[in-house]
Amino acid sequence: MNLSRRRFIHTTALAAGGIAVSSPGYAAMSEGLSAPEAARPLFVATWPFGQPANERSLEVFAGSGSLLDAVEEGIKVPEADPDNASVGLGGIPNADGAVQLDACIMDGEGQRAGSVAALEGILHPISVARRVMDDTKHVMLAGEGARQFALAQGFASVDLLTDQRRGEWEQWREKQHQPDNHDTIALVGLDADGRLAGGCSTSGWGYKLPGRVGDSPIIGSGLYVDAQVGAAGATGLGENVMRYCASFLIVEYMRQGLHPEDACLETIRRIAAADPRPAEDLAINFVALDKQGRYGAAGTGQGFEYAVAYPGYSEVLQSTGVSNADIGPEGGNRR
Ligand code: ASP
């Protein structure tokens, strides 16, 4: 991690106003990335495949003016891509050869959320999550119930297991080795009215136990949006995210005044300090953006690539990374 280019000030009290989730002991100076004030909407998404998703979100927003529509339609891009092994169609199946999808969507306005977990045979879990949010009294539907809900809502039944993934799964069954195969689209957005929204979609950990649900559909873990503060999303090993409510934690750090990138870094340090394994083995990555249009990302080890877009701008950026060398005895910064 390139800590030298980051400057921190030591302080005993963080900006007031948030829940005191911890005392990191320092707050970042606001020198991180931010979009120009007029550059709205702004979208930040995980991985390079977040770039076409962001660009679709910009397009949809330009047409409809709806941030939620933009988030949903952006996420539908990797969901529909059979070559993307981590999301939707062509996702890596579970140990039984079934593609089980997790997704959620959240609207800062009214703190609304919808989510589906272990959903089979539906092309766009993000849209089913939106329907759960908009048309039911519930937040989360799982498994066969989620599937029946989707079918009743008019979603088509689709075989999500492509020939390529079936072949790879058959090979996996013979060898039973666990490849490191997983990724998620988490996409968060901010519009000119200061409205915030986000979504998350994944096929989860490749060859997972049937019924395993990761962080991605869990509000506060894989995604969190707070209308007053900002939004955060996760990708990586869900087991190392959901035990810490990591996206919620990032938003709370932003509420305390941290720049989104520093909020992601602080959350990783906090998790790494609690986990006996080296930080670089945790495989967790976060994106975040705040209501002022500041954004950032951080991941364990070398970090990861994430995508940022606003009108006239669309880039894939490298996040900072956190390794054990960056973490002090109490999870604080070593410098
Ligand atoms: N977070 C996802 C899960 O654990 C996978 C990933 O993003 O790599 O299901």
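Brief remarks follow.
- Flag for Ser201 being part of a strand (DSSP E or B), in contact with a strand residue (DSSP E or B) (Cβ under 7 Å, 6 or more places away or on another chain) and of a type in the set (S, T, N, Q): yes
- With respect to being within 16 Å of the ligand (Cβ to nearest atom), touching a Gly at 6+ places or on another chain (Cβ under 9 Å) and of a type outside the set (Gly, Ala, Ser), Val158 falls outside the description.
- Residue within the range 104-115 that is farther than 17 Å from Ala231 by Cβ and within 13 Å of the ligand (Cβ to nearest atom) present: no
- In the range 319-335, the residues that are in a helix (DSSP H, G or I) reach residues that are modelled with pLDDT of 85 or more with C-beta atoms within less than 8 angstrom, at least six apart or across chains, in these pairs: Asn324/Ala272; Asn324/Pro278; Asn324/Ala279; Asn324/Glu280; Asp326/Arg269; Asp326/Ala279.
- The helices (runs of 4 or more DSSP H) found wholly in the range 210-312 and carrying at least 3 residues that are of a type in the set (A, V, I, L, M, F, W, C) and buried (at least 24 other Cβ atoms within 10 Å of the Cβ) occupy 246-255, 260-274.
- Screening Val139 on (1) closer than 27 Å to Phe304 by Cβ; (2) under 20 Å from the mean Cα position of the chain (by Cα); (3) among the hydrophobic types (A, V, I, L, M, F, W, C); (4) surrounded by fewer than 19 Cβ atoms within 10 Å (Cβ to Cβ) shows it passes everything except condition (1).
- When residues of the range 176-203 are limited to those that are within 20 Å of Ala98 (Cβ to Cβ) and under 12 Å from the mean Cα position of the chain (by Cα), the one farthest from the ligand (Cβ to nearest atom): Ser201
- Of the residues Ala279, Ala309, the single one that is more than 14 Å from the chain's Cα centre (by Cα), at pLDDT below 95 and of a type in the set (Gly, Ala, Ser) is Ala279.
The values are calculated or read from the model by the stated rules, or taken from the named source; none is laboratory data. If you're wondering where the values come from, they're calculated on a predicted model, not measured in any experiment. Glycine gets a Cβ as well: all are built from the backbone with ideal geometry, and neighbour counts include every protein chain shown.
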